[in-house]
Amino acid sequence: MNELIQATFSSVNIIPTALLVFVMLYWLAVIFGLLDLDFFDIEVEPDVNADDVSAVSWLNSVLAFFNLGKVPFMVFLTFFALPFWVISILANYYFNDGYSLLGWLYLIPSFVAALFVAKFLTMPFVRVFAAMEKEHESAAAIIGQVCTVMLPANGTDMGQAAVKTTGAPLLLNVRTTMGSAVQKGETALVLEYNAENKFYLIEPYQTI
């Protein structure tokens, strides 16, 4: 145990260790409500000219290959940090007799290997987050539209409303803003989507 602790905080393993500690502290902060889940989510939209398009396209392809952008950044980093730390510890334990320079060089193959491990570990989450993103986009498209109330609703009781589409009307679970209510046949404006409780917030709206 003492040997593992010494290896963990040795100079050649300090970068993987620091990254792992950062990830652990992040999830503890999320669990205790100190940070939001998407606090460190990163979306890079570079301002590029025509000469840089191919380079940016290549970079985006690399990121997509490792599922970056398909899963939240911190989820990927979590699945990357642990194998990066484990591979670095094992590489220096079995193949390094205490040479600092060699240990630092081992970080390169350890980093690359951890990327592939993280890609494999995050593959089951790609479809999950893709479905969540599709649901979010569908909800965003409904915000601001006028709906027709099918079942009465108020600020506490759930009702239903229909939004016209190019096909069959889309049926929504709805509640109104506090202090207001809607009855069957009335029209209302869709204000926002409550993803946690799966309903839309609406308010009475009179069409002309």
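The values are calculated or read from the model by the stated rules, or taken from the named source; none is laboratory data. Every value quoted in this text rests on a predicted model; they were computed, and no experiment measured them. All Cβ positions, even for glycine, are placed from backbone atoms using ideal geometry, and neighbour counts span all protein chains on display. We work out accessible area using only protein heavy atoms, side chains counted, and drop any ligands, DNA or RNA first. Shrake-Rupley method; radii C 1.70, N 1.55, O 1.52, S 1.80 Å.
With respect to Phe22, is the statement that it is modelled with pLDDT of 90 or more and open to solvent by 70 Å² or more (accessible area, probe 1.4 Å) true?
Here the answer is yes, as Phe22 does meet what is asked.
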Enumeration of residues in region 129-163 that are open to solvent by 70 Å² or more (accessible area, probe 1.4 Å), over 12 Å from Thr187 (Cα atoms) and at pLDDT 80 or above: Thr156, Asp157, Met158
Filtered residues of region 164-196 (kept if exposed (fewer than 12 other Cβ atoms within 10 Å of the Cβ), within 27 Å of the chain's Cα centre (by Cα) and either over 17 Å from Ile143 (Cβ atoms) or touching a residue at least 40 places away in the same chain (Cβ under 8 Å) (or both)): Ala195
Near pairs, Cβ below 8 angstrom, 6+ apart or cross-chain, from region 103-126 (of a type in the set (S, T, N, Q)) to any residue that is surrounded by 15 or more Cβ atoms within 10 Å (Cβ to Cβ) and part of a helix (DSSP H, G or I): Ser110/Pro16; Ser110/Phe84; Ser110/Ile87; Ser110/Ser88; Ser110/Ala91; Thr122/Val75; Thr122/Phe76; Thr122/Phe79
Any hit, region 61-70, residues being in contact with a helix residue (DSSP H, G or I) (Cβ under 7 Å, 6 or more places away or on another chain), open to solvent by less than 70 Å² (accessible area, probe 1.4 Å) and either closer than 30 Å to Met1 by Cα or assigned to a strand (DSSP E or B) (or both): yes
